[in-house]
Amino acid sequence: MAIYQLDDLTPAIHETAFVHPDAVVIGDVTIGAESTVWPMAVLRGDYGTITVGERTSIQDGTVVHAGPGFPTIIGNGCVVGHLAHLEGCILEDDCLVGSGSVVLHHAVIGSGATVGANAVVPNQLKVHPGALALGVPAKVLEGRSNAEMIRFSAEQYVRNGARFRQGLRRLD
């Protein structure tokens, strides 16, 4: 795995988390129990803290970064889709951030909310719990998220992480 200490900043990865060998985790990063970090994802905690809760999926090609004074905090039971970019924001528990989305500095995605695919959540935007954010820049539609689907998706990634921990073998 590409897990790096930077100066005195060492990642803390729970023993039940799955970090794919082709993911990169650097510096001040914490990854919780049963969370998954998939191929080509980069979590770079050089300028600020990155925290990933329990049972959260960071999918292929996602970039997670933080800055001085604005950590990136991703709650429990979240699903972060392929090629997303999270930068100095907060995702509360049970959120979904769709593929190709960008969530920027000081934005807050409330519990059970969804950021639709390819949406851009600008600095300081608050997406209320259970809301859906769509578009560029994102517009918020209250009460339009699907919490059941988010929980189902998060559980599938927990199961897939366990499968990969047991069965993934490099062949070349």
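Only helical runs count toward this figure. For the chain, summing -39,500 (n - 2.57) over DSSP H runs of n ≥ 4 and dividing by all residues gives -4000 deg cm²/dmol at 222 nm.
Distance from the Cα centroid of region 66-83 to that of region 95-151 is 12 Å (rounded to whole angstrom).
Here the Karplus relation 6.51 cos²θ - 1.76 cosθ + 1.60, evaluated at θ = phi - 60°, turns the backbone of region 129-145 into coupling constants of x, x, 8, 10, 10, 10, x, 9, x, 5, 10, 9, 10, 5, x, 9, 6 Hz, with x for every Gly and Pro.
Just to check, using Stokes-Einstein with a Kirkwood Rh over alpha carbon pairs, what's the diffusion coefficient of region 2-167 at 20 °C and 1.002 mPa s in µm²/s?
Details: Rh = 15.1 Å.
D = 142 µm²/s.
Of the peptides 76-88, 147-159, 115-127, the order by per-residue mean of other Cβ atoms within 10 Å, starting with the highest, comes out as 76-88, 115-127, 147-159. Close amide H pairs (under 5 Å, H built 1.01 Å from N) link residue 41 with 24, 61, 62, residues at least 5 positions away or on another chain.
Computed from phi, the 3J(HN,Hα) profile of region 90-95 under the Karplus parametrisation 6.51, -1.76, 1.60 (θ = phi - 60°) reads 10, 10, 6, 4, 6, 9 Hz, with x in place of Gly and Pro.
Overall, the anisotropy analysis places region 71-167 in the prolate class: the square-rooted eigenvalues a ≥ b ≥ c of its C-alpha gyration tensor yield a/c not less than 1.5, with a/b exceeding b/c. A crude spin-label estimate for the pair residue 47 and residue 171, with each label 7 Å from Cα along the Cβ direction, gives 4.2 nm. Summing charges over neighbours of residue 66, with a neighbour being any other residue whose Cβ is under 13 Å away from its Cβ, gives -2 when K and R count +1 and D and E count -1. For the pair residue 2 and residue 155 in one chain, pulling the backbone fully straight at 0.36 nm per residue adds 52.5 nm over the alpha carbon distance.
Positive contributions from Lys and Arg (+1) and negative ones from Asp and Glu (-1), summed over other residues with Cβ under 12 Å from the Cβ of residue 50, come out at -2. Summing Cβ point charges (Lys, Arg +1; Asp, Glu -1) relative to the Cα centre of the chain gives a dipole of roughly 440 debye. Need one word for region 7-62: rounded, prolate or oblate. Basis is the Cα gyration tensor (sqrt eigenvalues a ≥ b ≥ c); a/c below 1.5 gives rounded, then a/b vs b/c decides. It comes out oblate by the Cα gyration axes. Classify region 15-108 as rounded, prolate or oblate from the Cα gyration tensor: take a ≥ b ≥ c as the square roots of its eigenvalues, call it rounded if a/c is under 1.5, otherwise prolate when a/b beats b/c and oblate if not. Note, shape of region 15-108 comes out rounded. The label point for residue 141 and the one for residue 14, both projected 7 Å from the Cα toward the Cβ, are 3.3 nm apart. Helix 147-167 and the long axis of the chain differ in direction by around 10°, with both axes built from C-alpha atoms.
Since every read-out is calculated from the coordinates, none of them should be taken as a lab result. Everything quoted here is computed from the prediction, not taken from an experiment. So basically every Cβ, Gly included, is an ideal-geometry build from the backbone, and we count neighbours across all protein chains shown.
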